[in-house]
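Reading through the structure tokens given below for one structure.
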Amino acid sequence: MQISARSAQDLEHMNSQLHELREAVLAISSDLSLPEVLQRIVTAAATLTNAKYAAIGVPDDSGKLLGEFVVHGISEEERKRIAHPPRGLGVLGVIMSERKRMRLRNITDHPRSTGFPMGHPPMGSFLGMPILLKDRCLGSLYITNKIGADEFTSDDEQLIEWLASHAAIAIEHARLYEEVQRLSIVEERQRIGMDLHDGVIQSIYAVGLQLEFIRALIEDGDSKQAHDRLGAAIEALNHTIRDIRSYILDLHPHQFQGDDLEVGVRRLVAEFKANSLIVTDLEIDSDVCQAVSPEARLAIFQITQEALANVAKHSHATRVKLQIFPNGESLKMSVEDNGVGLPLDGGVRRMGHGLNNMAQRARTIGGALEVNSEQGNGTRIDVRVPKV
Ligand SMILES: Nc1ncnc2c1ncn2[C@@H]1O[C@H](COP(=O)(O)OP(=O)(O)OP(=O)(O)O)[C@@H](O)[C@H]1O
Ligand SMILES: [Mg+2]
């Protein structure tokens, strides 16, 4: 666009084109879904150049053929009549693979033209532009059949070049947004897995222990105690069902809602003692329980629950000590048993979901978890969490 050689009319025309370009850029940047962004880009390309048809091709994973093809100007019915979507073997492929723009009076005159599939509308004047971002080709713009003229102009080419540079950013932005959405789904799945493992599964496991105990009572002929404990087991299962229900409703498990940590831990210990018959010493400082955030209280509760479940399942301990106490600017929680210690698998300690979840929960609240264990000499889990 050589301004000095232009008349006032030309300047006015250019001004209106720049206005349209600005509108187009705003439109393509206003959406975050990739299909919408692509559709807005092709519509903008056709409007800016006064073209009957416009399309955008996005390469497939090989980068050589067309993966996605979004069009403007062709109705759904016309689209169905076309034998197959373009594959990027002819002129369209040249623009994508050689990353070269192209302005032709008639696309079929190009030596690499492969003609059109059956049912394709006739196309003549053509403008093609790669969409580049640094050294990557994100796609190409194809614009055909200029209305009211035989071919596209150098001004059209310039406008489409500008549009393509904005389109590249909009496409990349939409892709990154999709990626973030995907990652948050993965994170959410992990969180649900952790919550189910540490909450519901441990509660059901505890009921299993109670039932085993009841079987022993029945074998010993103590039907009175068996009957009482059966009532407790049924109640515990009902609790678990309520937990699952509230979880589905996206509420925190009924058992503990991050409010009073001391009450939650005392209940946990009472259940643990009744189910495992392991002597349990509890030392808990009420003030420090209130000195950490609700998220930290919930995490400490869940870590304690899993640590106690591990003691019941794996340790063969006769005694366990649980402490929650202040330590400088932190809360410390420790669970120490006198059991067999963590087994070593070929010299390496095997971490299951439980230990991994504990460590991850501690990290997410800005704390740290330490596991100390000696074969035959018990296990100690320590968690340190900063006060708020
Ligand atoms: N207090 C403990 N005493 C002895 N061994 C333990 C203790 N805690 C954990 N372990 C051992 O460490 C392993 C890993 O524990 P972790 O909690 O990570 O997994 P898990 O309890 O086996 O399975 P999950 O917790 O996924 O149901 C256990 O299989 C067990 O061998
Ligand atoms: Mg475990």
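For segment 76-88, the Karplus equation 6.51 cos²θ - 1.76 cosθ + 1.60, evaluated at θ = phi - 60°, returns couplings of 4, 5, 4, 4, 5, 6, 6, 3, 7, x, x, 9, x Hz by residue, with Gly and Pro reported as x.
Tell me the net charge near residue 263. Cut-off is 15 Å between Cβ atoms, residue 263 excluded, with +1 for each Lys or Arg and -1 for each Asp or Glu. Result for the neighbourhood of residue 263: -3. Ordering 96, 307, 160 by the projection of their Cα atoms onto the charge dipole of the chain, which places +1 on the Cβ of Lys and Arg and -1 on the Cβ of Asp and Glu, puts 96 at the extreme positive end. Each other residue within a Cβ distance under 14 Å of residue 380 adds +1 if Lys or Arg and -1 if Asp or Glu, for a net charge of -1. The Stokes-Einstein estimate for segment 45-192, based on a Kirkwood radius over Cα pairs and taken at 20 °C with 1.002 mPa s viscosity, is a diffusion coefficient of 131 µm²/s. Taking a point 7 Å from the Cα of residue 47 along the Cα-to-Cβ direction, none of the residues of segment 124-148 has its backbone N closer than 12 Å to it. Only Lys, Arg, Asp and Glu carry charge here, each on its Cβ (+1 for the first two, -1 for the last two); on that basis the chain has a dipole of about 840 debye about its Cα centre. The distance between label points at residue 177 and residue 273 comes to 5.7 nm (points 7 Å beyond Cα on the Cα→Cβ vector).
Put a plus charge on the Cβ of each Lys and Arg, a minus charge on the Cβ of each Asp and Glu, and nothing anywhere else: the dipole of segment 168-226 about its Cα centre is then about 120 debye.
Size of segment 260-388 from its Cα atoms: along the principal axes, largest to smallest, the extents are 41, 30, 23 Å.
Distance from the C-alpha centroid of segment 351-388 to that of segment 172-207: 20 Å, rounded to the whole angstrom. Near the amide H of residue 368, within less than 5 Å, lie the amide hydrogens of 384, all on another chain or at least 5 residues away, with H placed in the peptide plane. Across segment 136-151, computed HN-Hα scalar couplings (Karplus, 6.51 cos²θ - 1.76 cosθ + 1.60, θ = phi - 60°) run 10, 9, 7, x, 9, 9, 10, 10, 9, 6, 5, 7, x, 8, 7, 8 Hz from first to last residue, x flagging Gly and Pro. When Rg and Dmax are taken over the Cα atoms of the chain, they come to 34.1, 109 Å. In terms of its alpha-carbon gyration tensor, segment 327-378 comes out oblate; a/c meets the 1.5 threshold, while b/c is at least as large as a/b. All other residues whose Cβ lies under 11 angstrom from that of residue 72 are scored, Lys and Arg at +1 and Asp and Glu at -1, for a net of +2.
If the chain linking residue 283 and residue 14 were pulled fully straight, counting 0.36 nm for each residue of separation and taking away their Cα-Cα distance, it would gain 88.9 nm.
Relative contact order for the chain: 10 percent, from Cα pairs under 8 Å spaced at least 6 residues apart, divided by residue count. Here's the picture: charge each Lys and Arg Cβ at +1 and each Asp and Glu Cβ at -1 in segment 260-388, and of 360, 274, 320 the one pushed furthest to the positive end of that dipole is 360.
Pairs from the list 80/134; 80/100; 52/134; 321/387 with a Cα-Cα gap above 28 Å: 80/134; 80/100; 52/134.
Taking the square roots of 5 times each eigenvalue of the Cα gyration tensor of segment 154-247, largest first, gives ellipsoid semi-axes of 64, 10, 5 Å.
A short reminder: the numbers here are calculations on the coordinates, not readings from a lab. Computed from a predicted model, the values in this text were never measured in an experiment. Positions of Cβ are generated from backbone atoms using ideal geometry, with glycine treated the same way; all protein chains shown enter the neighbour counts.
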